[in-house]
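> Take this structure first; my questions come after.
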Amino acid sequence: MTSVQPYRRSTIHSNLWLLGLALGIFITSCKSRLTPTYVSGELKQFDTSVVLHSAEIDAIITPYRNELELTMTDTVGYLARAMVKSRPEGLLGNLTSKMVFDYARTIEPELDMVVMNHGGLRTPLPSGVITRSKVFELMPFDNELAIVDLPIERLPELARIIAVKGGDPIWIRDEGYLQIGDSSGTFHFPLREGQKMIRIATSNYLSNGGDHYTVFRSAPEHGGQIRLQGILIRDIFMNAFINDSDKDHPLDADINNIIRSGNE
Amino acid sequence: MNRRDFIRNSVKVGAGIAVGGSPLWSFGKALGGLTILYTNDWHSRIDPFPMDGGRYEGLGGASKRAALIEKVRNDSSNVILLDAGDIFQGTPYFNYFGGELEFKLMSAMGYDAVTLGNHDFDAGLDGLAKQLVHARFEILTANYDFSSTILKNKFQPSTIIKKGPWKIGVLGVGIDLQNLVPAEHFGATRYTDPIAAANREADHLKNKLKCDLVICLSHLGYEYRSDKVSDVHLAKYSENIDLILGGHTHTFLREPVILKNKIGKNIRVCQTGWAGINLGKIDYEAHTISTAANPHSTMLKIC
């Protein structure tokens, strides 16, 4: 008996120890994990009635702003009314594609059309004073003017690209227009006698195939050509405001039904 | 998981406790909340829109945004700040200074992580590389392979942010650059499937690294008329992402859109529009469920 007692105490002790060890392993194997519960989501628009600013951020911006204000606050021209871009056709697209058309025709008298892209116009324009900064915001990209000679048989492909996008800013000579459906389109304008190439002014971004205008990039493979003109699209806009507008004669644009939706 | 789901789940867990009877299970302990602030497509809009009669006159501005962020930080305990790309391009600040000011401001505001938008390539890989010295935040991209460019090893696919009791996994995915960005600007950068990349990273973050919440910063765009990959696609084909903070399409989502992922769980998609007009804000509450790391704990799936 006496020899058994210590053994039993030892066994109980050992069992308790093992139980504690097992419990410890179990506890340490428990990993606390959060359950995220969605509460709310909102957009916080800055309240312009409250003067809210950060002195730290202002201090960082100020030297950069001062440098820009040396040139960017200049008035370069005037606009008759506020303009936004829209599809298939909008005031801003018509204003700017006509600017490009008027410039490009001075170097390419047989220009047929201008094709720009909706995504390239980056901000609406206000009515009244247009500053240099505003033109930069409208066209921040350093895109150059490009002239593409597109074989006439490739015109349906160009129309298709514009149709699929639901319209892009264009301008066509002689009050021509583009009729678009969901995935095809037809250009309507009078061809010159024996005309085999369509002469198009665009940006080098599009002529390189940007924004899905692969039809321009592949023009040389079909006998056409691409010629860069060395002038920025932004400078064409800038010069149009500087040369063609003043306070009493602001620039303006209309909806001209250049792009017509629906089946013919 | 919305509140109703959570209550429903809590009932299930409660039943499990009654059956299992383990005193080690704890449930429903309220912890510190989490506030996620986010922006996208702020496009170098350093100053508020001018008071010129335009649609957005007086709105936006980095200084106002910073003050608002600071106010939220003062009011909340655990705040993270994220951006979904297109930081660059849009005002003369970028034309003249190449993105230096944008990165300096985001660093000063305390951004935790961002992903890359297509316009962040507008100064080319050299231009982006040059500005990295000003970025005191993580730039995350899981589906652009920069290994053959000067940006090799400069970015991570994902990161973990710890705030209070929270362990948050954040990853980034970007849009196909072909035909969108001039080829000379992205050079040898290789675009890979964003959904596969996002799922790979999210699985790692959620299941291996045990993050409480997985956020995807996406510059894919919210949705398209075509079948082009978008945040809606990403949401539907994901499994371990809780929240997509998107960009590119300049979509104003007044509140998160709730979609179902491929296993039928809720996933939220957000986008703030553009130009820093808005600051997105999402609040989560937390509870704990102690989960025994053994295969018998089927209730783990409820979490």
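The values are calculated or read from the model by the stated rules, or taken from the named source; none is laboratory data. Because the structure is a prediction, the values reported are computed rather than measured. Every residue, glycine as well, gets a Cβ built from its backbone with ideal geometry; the counts of neighbours run over all protein chains shown. Heavy atoms of the whole protein, side chains included, go into the accessibility calculation; ligands, DNA and RNA do not. Shrake-Rupley method; radii C 1.70, N 1.55, O 1.52, S 1.80 Å.
> Take the conditions away from every other protein chain (no Cβ under 12 Å) and either at pLDDT 95 or above or open to solvent by less than 10 Å² (accessible area, probe 1.4 Å) (or both) and apply them to B:L128. Does it pass?
yes
> Just checking, how many residues over the range B:198-256 are open to solvent by 50 Å² or more (accessible area, probe 1.4 Å), modelled with pLDDT under 95 and acidic (D, E)?
2
> All but one of (1) more than 7 Å from chain A (Cβ to nearest Cβ); (2) open to solvent by less than 20 Å² (accessible area, probe 1.4 Å) hold for B:T272, so report the exception by its number.
(1)
> Follow-up question, since we're still on this one. Would you mind stating whether A:R173 is free of Cβ contacts under 8 Å to residues at least 24 places away in the same chain and either of a type outside the set (A, V, I, L, M, F, W, C) or more than 10 Å from chain B (Cβ to nearest Cβ) (or both)?
In short, no.
> Would the range B:182-203 turn up any residue that is within 14 Å of chain A (Cβ to nearest Cβ), small (G, A, S) and free of Cβ contacts under 8 Å to residues at least 12 places away in the same chain?
For the range B:182-203, residues within 14 Å of chain A (Cβ to nearest Cβ), small (G, A, S) and free of Cβ contacts under 8 Å to residues at least 12 places away in the same chain: present.
> Only one of (1) under 27 Å from the mean Cα position of the chain (by Cα); (2) at pLDDT below 50 fails for B:K12. Which number is that?
(1)
> Can I ask one more? With hydrophobic (A, V, I, L, M, F, W, C) and touching a Lys or Arg at 6+ places or on another chain (Cβ under 6 Å) as the only criterion, which of A:L111, A:L191, A:L155 stands out?
A:L111
> How many residues does the range A:128-164 hold that are within 14 Å of chain B (Cβ to nearest Cβ) and open to solvent by less than 30 Å² (accessible area, probe 1.4 Å)?
So the answer is 15.
> Only one of B:N207, B:N199 is outside any loop (DSSP other than H, G, I, E, B) and under 13 Å from B:A142 (Cα atoms). Can you tell me which?
Exactly one of B:N207, B:N199 is outside any loop (DSSP other than H, G, I, E, B) and under 13 Å from B:A142 (Cα atoms), namely B:N199.
> When you check A:E153 against the structure, is it in contact with a helix residue (DSSP H, G or I) (Cβ under 8 Å, 6 or more places away or on another chain) and without any contact (Cβ under 8 Å) to a residue 24 or more places away in the chain, yes or no?
no
> Of all the residues that make up the range B:134-148, how many are closer than 16 Å to B:I80 by Cα, open to solvent by 40 Å² or more (accessible area, probe 1.4 Å) and assigned to a loop (DSSP other than H, G, I, E, B)?
1
> Step by step: first the residues of the range B:79-97, then only those that are at positive phi and within 20 Å of the chain's Cα centre (by Cα), then the one that is surrounded by the most Cβ atoms within 10 Å (Cβ to Cβ). Which residue is that?
B:G85
> Where in the range B:210-273 are there strands (runs of 3 or more DSSP E), lying fully within it, with 2 or more residues that are touching an Asp or Glu at 6+ places or on another chain (Cβ under 6 Å)?
Where strands (runs of 3 or more DSSP E) fall fully within the range B:210-273 and carry at least 2 residues being touching an Asp or Glu at 6+ places or on another chain (Cβ under 6 Å), they are B:213-218, B:243-246.
> Output the residue which, of all residues in the range B:149-185 that are charged (D, E, K, R) and over 30 Å from B:G32 (Cα atoms), is surrounded by the fewest Cβ atoms within 10 Å (Cβ to Cβ).
The extreme case among them is B:E184.
> Within the range A:56-73, track down each residue that is of a type in the set (D, E, K, R) and at pLDDT below 95.
Within the range A:56-73, A:E69 is the sole residue that qualifies.
> In the range A:88-122, what count of residues is obtained for those that are within 14 Å of chain B (Cβ to nearest Cβ) and under 18 Å from A:I231 (Cα atoms)?
Residues flagged as within 14 Å of chain B (Cβ to nearest Cβ) and under 18 Å from A:I231 (Cα atoms) within the range A:88-122 amount to 3.
Listed here are the residues, each with its yes/no results for (1) among the polar types (S, T, N, Q); (2) part of a helix (DSSP H, G or I); (3) more than 30 Å from A:N117 (Cβ to Cβ).
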{"residue": "B:T159", "(1), (2), (3)": "yes, no, yes"}
{"residue": "B:G169", "(1), (2), (3)": "no, no, yes"}
{"residue": "B:G172", "(1), (2), (3)": "no, no, no"}
{"residue": "B:L180", "(1), (2), (3)": "no, no, no"}
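> Of all residues in the range A:207-242, which are in a helix (DSSP H, G or I) and closer than 14 Å to A:D142 by Cβ?
Result: A:G210, A:I233, A:R234, A:D235, A:I236, A:F237, A:M238.
> Considering every residue within the range A:197-212, establish whether at least one is modelled with pLDDT of 95 or more, out of contact with any Asp or Glu (no Cβ under 8 Å at 6 or more places or on another chain) and open to solvent by 30 Å² or more (accessible area, probe 1.4 Å).
Scanning the range A:197-212, I find no residue that is modelled with pLDDT of 95 or more, out of contact with any Asp or Glu (no Cβ under 8 Å at 6 or more places or on another chain) and open to solvent by 30 Å² or more (accessible area, probe 1.4 Å), so the answer is no.
> Something else about it: Picking from B:L101, B:L81, B:L151, which residue would you name as being of a type outside the set (V, I, T), more than 9 Å from every other protein chain (Cβ to nearest Cβ) and not in a loop (DSSP other than H, G, I, E, B)?
When all the criteria are applied, what remains is B:L81.
> Looking at A:L178, A:L251, which one is open to solvent by 20 Å² or more (accessible area, probe 1.4 Å) and in contact with a Phe, Trp or Tyr (Cβ under 8 Å, 6 or more places away or on another chain)?
Step by step, each of A:L178, A:L251 is checked, and only A:L251 is open to solvent by 20 Å² or more (accessible area, probe 1.4 Å) and in contact with a Phe, Trp or Tyr (Cβ under 8 Å, 6 or more places away or on another chain).
> I'm trying to understand the selection: among the residues of the range B:99-125, which are crowded, with 19+ Cβ neighbours inside 10 Å and over 17 Å from the mean Cα position of the chain (by Cα)?
Once the filter is applied, which keeps residues that are crowded, with 19+ Cβ neighbours inside 10 Å and over 17 Å from the mean Cα position of the chain (by Cα), the range B:99-125 yields B:G99, B:L101, B:E102, B:F103, B:K104, B:L105, B:H119, B:F121, B:D122, B:A123, B:L125.
> Residue check: is A:L125 in contact with a strand residue (DSSP E or B) (Cβ under 9 Å, 6 or more places away or on another chain) and either open to solvent by 20 Å² or more (accessible area, probe 1.4 Å) or farther than 22 Å from A:Q229 by Cα (or both)?
Criteria met by A:L125.
> Please specify each residue of the range A:65-78 satisfying the condition of being facing chain B (nearest Cβ under 10 Å) and in contact with an Asp or Glu (Cβ under 8 Å, 6 or more places away or on another chain).
Matches in the range A:65-78: A:R65 only.
> Identify all residues within the range B:59-71 that are surrounded by 16 or more Cβ atoms within 10 Å (Cβ to Cβ) and either more than 7 Å from every other protein chain (Cβ to nearest Cβ) or not aliphatic (A, V, I, L, M) (or both); write none if there are none.
B:G60, B:G61, B:S63, B:K64, B:R65, B:I69, B:E70
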